[in-house]
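Notes follow the structure.
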Amino acid sequence: MKKYEVMYIIKDSVEAEARAALMENLHKIITDNGGKINKTDEWGMRDFAYRIDDMYKGYYVVTAFEADNDCVKEFDRLMRINQNVVRFLITVDEAPAQEAKK
C-alpha cells in the first residue's frame, strides 16, 4: 500500500454535525476498501482566493492515509459525485522514500 494525502473542501453551508458525519463517511470509503487513515487535520473555515460556484469560503480538511490503487480510484470516484465537496486533491506522499535516499 502507498501513502497518500487528500485535501478537500466542504461547502460552508454544511452544519457542524452534518460536516462531521460527512467526514466520517468519506473516511469510511477508504477503510471499507482496505485502506487505513493515519492522520486527519482539520484546518477549519477559510476564505477562498477567488469565488467558486458563488461561494467565498469553505471548510478545509487534510487526511493522510494508506491504500492501494483500487481504493484510491473508488475514493476519487465518490468524491467527484459528492455534492458537499467543493474541491479535492489526492497526492502521493513520497516524503518517507526521499528521506531514505539521504
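Points to keep in mind about this one:
- Here Met1, Met79 are placed in order of increasing Cβ neighbour count within 10 Å, fewest first, which gives Met1, Met79.
- Computed per residue of the chain from DSSP H runs no shorter than four, each worth -39500 (n - 2.57), the mean residue ellipticity at 222 nm is -11500 deg cm²/dmol.
- Working from the Cα coordinates of the range 2-90, the gyration tensor eigenvalues give, after taking √(5λ), semi-axes of 23, 13, 12 Å in decreasing order.
- Net charge contributed by nearby residues that have their C-beta within less than 14 Å of Leu22 (K/R +1, D/E -1): -2
- Cα long-axis angle, helix 16-32 against the chain (0 to 90 degrees, to the nearest 10): 30 degrees
- For the range 40-86 versus the range 8-25, the gap between their alpha-carbon centres in whole angstrom: 10 Å
- Note on the range 5-102: Lys pairs 8 or more places apart or on different chains, Cα atoms under 30 Å apart, count 19.
- Compared with the dominant Cα axis of the chain, that is its longest principal axis, helix 69-81 is turned about 10°.
- Asp47-Ala20 pseudo-label distance in nm [points 7 Å out on the Cα-to-Cβ vector]: 2.9 nm
- For the range 38-82, the spread of Cα coordinates along the three principal axes comes to 34, 23, 14 Å, biggest extent given first.
Since every read-out is calculated from the coordinates, none of them should be taken as a lab result. Here the structure is a predicted model, which means the values were calculated and not measured. All Cβ positions, even for glycine, are placed from backbone atoms using ideal geometry, and neighbour counts span all protein chains on display.
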